[in-house]
1. Please report, for the Cα atoms of the range 406-466, the Rg to one decimal and the Dmax as a whole number; what are they, in angstrom?
2. On the accessible surface of the range 454-519, probed at 1.4 Å, how many percent belong to carbon and sulfur atoms?
3. Quick query: amide H of residue 484 versus all other amide H atoms, modeled in the peptide plane; which residues come in under 5 Å with a sequence gap of 5 or more or a different chain?
4. So how do 314, 319, 266 rank on accessible area, 1.4 Å probe, biggest first, that is with the largest at the start?
5. Ordered by residue, what ³J(HN,Hα) values in Hz, to whole numbers, does the range 439-453 give under the Karplus form 6.51 cos²θ - 1.76 cosθ + 1.60, where θ = phi - 60° and Gly and Pro are x?
6. Using the heavy atoms of the protein chains alone and a 1.4 angstrom probe, what is the accessible area of the range 548-651 per residue in square angstrom?
7. Convert each backbone phi in the range 504-518 into a coupling constant with the Karplus relation 6.51 cos²θ - 1.76 cosθ + 1.60 (shift: θ = phi - 60°), then list the ³J(HN,Hα) values in order as whole Hz, x for Gly and Pro.
8. Return an integer: the convex hull volume of the alpha-carbon atoms of the range 390-543, in Å³ per residue.
Amino acid sequence: MLFKLSFNNMKKSIKDYAIYFLTLVLGVAIFYMFNSLDSQQAMLQVSQSQREMIKLMIEMLGYISVFVAVVLGLLIVYASNFLINRRKKEFGIYMTLGMGRRQISKIILMETIFVGIISLAIGLIIGIFASQFMSILVAKMFEANMSEFQFVFSKEACIKTCIYFAVMYIAVMFFNTITVSRYKLINLLNASKKNERVKIKNPFICILVFLIAISLLGYAYWKVTGDFQSLNTADKILPLIIMGIVSTILIFWSLSGFILQLIQTRKKIYLKDTNMFVLRQINNKINTMVASMSVICLMLFMTISILSSSLALRNTMQRELIDMTPVDLNLYKIANLPEKTVNRYGKEIIYTKEQIEDSRITILETLKNNEFDMKVLKDIIEIPTYATNELTYKDFLGDMYEETKVEFPGLAYDKTEQIVKVSDYNKIARLYGIDEYNLNDSEYIMICNFDSMKQIRDKVLKNGSIINIAGKKYNSKYSECKSGFIQMSTSHTNTGIIIVPDNCTLTNDMKEMSFLVANYNVNTEEEKEKVEELFSSRSSGFIQNLSDKGLMIDGFTKISIMEASVGLATIVTFIAIYLGVIFLIASSAILALKQLTDSSDNKQRYTILRKIGCDENMINKSLFRQIGIFFGVPLALAIIHSVFGIQFAIQMMAGLASKNDLLPSVIATVIIIGTIYGLYFWATYLGSKNIIKEE
């Protein structure tokens with residue numbers, strides 16, 4: 001009997017379950033997709049380092065899945081509460097017919113199991129098929145070979161998804177049982193007549209609070225963009241985060257207190273069509289949902305910022321990888337090792353005779369002395385770089401040292417500047433395909449492409465910086481840093497190289513490092529992989545063998561840099577999409593469920609609208625505008641937050657993400673948010689229209 005009743009109730013209330021069902025299906029599908037990557041990677045033809053990156057990504061996604069499960073669990077509990085409140089009168093009728101609370105709990109339990117099994121099954125089916133596209137996305141991001149692509153089903157991900165959602169449903173069932181056991185018959189029967197209490201707020205206090213909130217937000221916005229340089233520690237950033245959260249709450253608290261009164265002064269707007277009804281409904285919603293609207297706004301802000309910033313990071317890293325890896329190989333070793341030194345931890349390091357002697361010869365000589373086959377390399381260029389204690393960061397800053405130290409207290413001002421002769425730099429620049437430079441005898445050029453450091457150095461150069469090397473003064477040829485680099489990297493990370501004339505007095509004792517660049521002298525990918533193994537393998541590679549002998553030579557290859565960069569960007573992107581979509585679903589579902597609840601509670605009001613002459617077209621338009629404003633208000637404030645939040649994130653990732661890559665990232669974010677948010681908006685509108693429909 002109870003089974004049949006539960007099944008019939010579920011069929012009858014299928015439209016009420018639409019949002020609940022949609023949320024569960026999306027949650028299950030996304031959960032499976034991101035937890036099935038371990039099975040998908042098996043078919044990808046990737047290198048060992050990329051496999052390690054994918055393994056790391058899978059581990060991180062596993063931890064994040066716990067957090068995601070908690071978010072989805074709370075969301076399911078919230079949705080279940082909506083469904084129970086929606087049916088209070090129905091449960092009251094059951095009780096008047098002699099049914100006990102225990103039997104009602106069993107009905108809810110069975111309905112929850114029905115919906116759970118159906119949504120879990122459909123979600124898994126969607127997730128299994130969608131995960132195949134995820135495989136293609138992973139392969140594209142890791143630039144893997146998909147020649148062995150095949151349909152993959154992850155048994156582990158399926159079991160994990162079922163277990164996580166089973167735990168969630170047990171929690172929901174427990175919650176529902178407790179909720180029903182506390183209901184009284186009189187409250188259930190009168191549920192449809194009971195409205196939320198709305199406290200009238202003093203409009204003058206609300207306007208004052210609103211102005212305070214706007215002022216706090218304006219100050220926070222200015223600090224994270226206009227005065228970003230001062231935010232160099234966590235204790236300076238945290239107050240701004242708290243300020244933003246408090247301001248958001250205050251804005252929603254104050255809005256409902258004066259916005260209605262403000263619009264009432266514009267009679268043409270207020271009295272037009274059903275605007276009076278719509279505005280009062282919105283006013284009441286915001287008034288009773290201050291905390292929820294604030295949380296939703298902040299979740300949407302996090303979604304927009306996380307997605308846009310991470311996608312911009314990936315776009316920048318992909319674009320700059322090509323520019324920053326122009327050759328196959330970089331090798332370097334420290335020159336002129338002393339007998340002993342002290343590291344930054346205060347530990348004394350004693351070098352062997354072999355290490356000291358090797359530091360006084362070139363990298364080429366080291367390779368030849370250890371019987372390296374030089375035929376595998378071509379376009380070989382080796383240059384020395386120099387440093388002197390007479391030219392540190394502090395010395396370069398000159399008169400601007402005190403000002404810069406206050407603004408950037410964390411910089412290592414005692415670090416020596418890197419010096420390279422112009423002819424040596426031009427050799428590498430010619431091979432790299434970047435700008436070459438010419439200098440007069442008393443000139444120098446500062447080469448720098450790391451944005452935050454470039455800004456500091458540009459200020460110094462505009463004031464006419466003069467440096468002193470071996471007793472001779474040199475003036476900057478340009479009033480700003482010029483772009484360039486000698487060491488390959490994932491992005492623009494060159495913090496500064498001083499290019500000096502060839503006749504500059506740079507002695508052998510000032511030599512800091514030997515630096516070698518080269519290309520592989522091969523024709524096929526197979527041959528390239530063999531040469532790559534010599535320099536990148538941590539077990540049998542030639543460089544590793546030299547390190548095992550105690551020789552301090554190291555380096556990196558174009559392939560290893562690109563793989564590491566692609567792996568990092570992909571991990572960040574996947575985690576951002578995972579969290580962003582979950583936050584978006586949670587925000588949309590909460591708004592949708594609240595609107596559906598209100599539509600159910602306000603059904604009588606729509607009946608009154610019909611009685612006073614409003615036709616169905618006017619009522620549907622008022623409902624559409626009401627839901628549009630309800631969904632739009634937290635999104636609008638979240639977008640404003642994001643404009644400044646994204647700028648702050650880009651500045652925090654200086655050298656890794658560029659503002660030039662924001663546009664495509666923002667477009668992608670708009671598409672993702674528009675699709676999911678729009679889907680929930682439309683489902684909410686259809687659901688609400690069905691609820692208020694005249695029977």
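1. 13.8, 40
2. Reported share for carbon and sulfur atoms: 44 percent.
3. 448, 449
4. From most accessible down to least: 266, 319, 314.
5. Each residue of the range 439-453 in turn: 9, 7, 4, 10, 10, 9, 10, 9, 9, 7, 10, 7, 3, 5, 6 Hz.
6. Details: 3580 Å² over 104 residues.
Per-residue value: 34 Å².
7. For the range 504-518, the Karplus curve yields 5, 6, 10, 7, 5, 5, 8, 5, 9, 7, 9, 10, 10, 10, 6 Hz.
8. Details: hull volume 22.7 nm³, N = 154.
Spread over its residues, the Cα hull of the range 390-543 gives 147 Å³ apiece.
The values are calculated or read from the model by the stated rules, or taken from the named source; none is laboratory data. Everything quoted here is computed from the prediction, not taken from an experiment. Neighbour counts run over all protein chains shown; Cβ positions are idealised from the backbone, glycine included. Side chains included, ligands, DNA and RNA excluded: accessible areas come from the protein's heavy atoms. Shrake-Rupley method; radii C 1.70, N 1.55, O 1.52, S 1.80 Å.
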